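Data block below; observations after.
The values are calculated or read from the model by the stated rules, or taken from the named source; none is laboratory data. Since we're looking at a predicted model, the values are computed, not measured. Backbone-built Cβ (ideal geometry, glycine too); neighbour counts: all protein chains shown. For accessibility, only protein heavy atoms count, side chains too; no ligands or nucleic acids. Shrake-Rupley method; radii C 1.70, N 1.55, O 1.52, S 1.80 Å.
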Amino acid sequence: TVLAVSVIRLSRSKVLVQELYCIETLARVDTLCLDKTGTLTEGRMEVSGLLGIDGDKPFVNKQDLENVLAKIAKASDDENPTMQAIKEKYLNTLTKEFKVNKKIAFSSKTKWSGINFENEGSYVLGAPEFVLKDYYSKFKNEIQKYTEDYRVLCVAHSSENFVEGLPEKLEVVGFVLIKDVIRKEASKTLEYFKEQCVDIKIISGDNPITVSKIAKRVGLKKAENYIDMSTLKTEQEIL
């Protein structure tokens, strides 16, 4: 009876209880692991700006990059939050017809997507460290100025087509700044858990600096104490 009454009380706060006995389990929770996307954030993103290859200097022709992003938005079949943000920003700005020869869908393994346009070569959009590889260090300092507040995407171009992996002779066109839209109720929810002495851990596949910054924005205690699991090589380091 107590559990049934608890289900009714929770439903008034729009909480769905899937198993009756989870109410009793929840009372013993002292650590809660949350994802970032869809939990702290709304699960959608928005384009906040563009960067030239020399950092925050404006593009010589910013319109050219916007046209490239509009073509990518029009041609891409990807529906992830990043591409949706680009489509929302640039899809309706397209003013020129084009033909697509080949598409490479985004992969969580490669961290990039690509499209080859007829008479224009190939454009790649993705995480800078995965797109630039050995050349990432050349832009690393400039990129890191923005990773605390944004997800930074690299736009690169090559006259070559896709064969196996990235095309040869890639050159940086510019960078796109993408920002998560934080849930309005996120800060209030985390404050409640804090009052209940529940420790919160954020687990995410995104850039750890970006996740840390978002966690700080919603008021998470010790948000700066993050661990980048990609830097851990042994089981001992993980433990």
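The table that follows gives values for the structure above.
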| read-out | value |
| --- | --- |
| Kirkwood Rh in Å, taken over all unlike Cα pairs in segment 136-239 | 16.6 Å |
| Which labelled figure in [x] 16.7; [y] 18.0; [z] 12.6 is mean projected area of the Cα convex hull in nm², once derived from the coordinates | [x] |
| Label-point separation, residue 97 to residue 144 (7 Å along Cα→Cβ), nm | 4.8 nm |
| Violating pairs (Cα-Cα greater than 20 angstrom) within the set 111/179; 71/99; 89/133; 14/184 | 89/133 |
| Which of 197, 33, 154 is most accessible, then next, and so on - probe 1.4 Å | 197, 33, 154 |
| Max mean-square fluctuation residue, GNM over the chain, Cα-Cα springs under 10 Å, options 148, 66, 185 | 185 |
| Candidate aspartates and glutamates - alpha carbon under 12 Å from residue 222, same-chain residues fewer than 8 apart omitted | 199 |
| Accessible surface of segment 94-239, 1.4 Å probe, proportion on carbon and sulfur as whole % | 48 percent |
| DSSP beta bridges in the chain [antiparallel fraction, %, rounded to 5] | 90 percent |
| Residue-normalised accessible area of the chain, expressed per residue, 1.4 Å probe, Å² | 65 Å² |
| Label zone at residue 230 (point 7 Å along Cα-to-Cβ), backbone N below 20 Å, segment 107-130 | 107-114, 124-130 |
